[in-house]
1. Treating only the Cβ of Lys, Arg, Asp and Glu as charged (+1, +1, -1, -1), what charge dipole size does segment 26-164 show about its Cα centre? Round to the nearest 20 debye.
2. Please give the length that would be gained between Gln84 and Ala51 if that part of the chain were fully extended, namely 0.36 nm times their separation in residues minus their C-alpha to C-alpha distance (nm, one decimal).
3. Enumerate the amide H contacts of Leu56 below 5 Å, restricted to partners 5 or more residues apart or on another chain; note that Pro and chain-start residues carry no placed amide H.
4. Quick check: residue separation of Lys60 and Ala155 times 0.36 nm, minus the Cα distance between them. What number comes out in nm?
5. Quick one: 3J(HN,Hα) in Hz for segment 110-126, Karplus 6.51/-1.76/1.60 with θ = phi - 60°, rounded, Gly and Pro as x.
6. Among Cys44, Phe82, Val109, whose Cα lies farthest out toward the positive end of the dipole of segment 26-164, if unit charges sit on the beta carbon of Lys, Arg (+1) and Asp, Glu (-1)?
7. So who's got an amide H within less than 5 Å of the one on Val27, skipping anything under 5 residues away but keeping other chains? H placed 1.01 Å off N, in plane.
Amino acid sequence: MASDWSMPRRGEACAACGRAFEGGQPVSVYLYEAAESYARRDFCETCQPPAEPAWLGAWKTRRPVEGRKAPALDRETLLKIFEQLDAAAAAETVQFRFVLALLLWRKRVLKLEGTSSDGPTEVWDFSGPADRKYQITRPDLDETQLEQLSDQLEALLAGKSDAALPAELAAPGEDPS
Ligand SMILES: [Zn+2]
């Protein structure tokens, strides 16, 4: 689902009021589905994201201080985003949920318990903290694509990079523009 707004190259200013961020400033980060993968927008404390497009996940953080390494996104925040999504599971978030689950698995927050098939659909069973169970539908992407999406999502969440994915990762049938 391509979005018709374009992302600023890096979230150096509030996506709503355009005011430049300062180091250490608290911000709300919203994650969106983009044509190839995911996009993030940062908002200052006084601004709200627009009602459209719908966002996939949101969290609060602080802008990195100049010259200091951006803090890595902590596991609790990742898990919170994942659980928000779990509560509001919709068809269009299948891919995002799965990629996020992969990322949490790689970070050893989730444990893979097994996989099963529900007709043509492959379902991966994960368990999390407090023995919570999650059944995550595997999207129709190959392993390389999933790995790349997971890498890209991790970088994006941590604010390290907004590097676009190779064009071949664009979903088939989707307008790449
Ligand atoms: Zn603002």
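1. 780 debye
2. Using 0.36 nm per residue and subtracting the Cα-Cα distance, I get 10.1 nm.
3. Correct list: Leu31, Tyr32, Glu33.
4. 32.5 nm
5. 9, 10, 7, 8, x, 10, 9, 10, 10, x, x, 9, 9, 10, 9, 9, 10
6. Looking along the dipole axis, the top candidate is Cys44.
7. So Val27 has HN proximity to Thr61, Arg62, Arg63.
We did not get these values from a lab; they are worked out from the coordinates using the rules stated. Model, not experiment: these values are computed from the prediction. In this analysis, Cβ positions are derived from the backbone assuming ideal geometry, glycine residues included, and neighbour counts consider all displayed protein chains.
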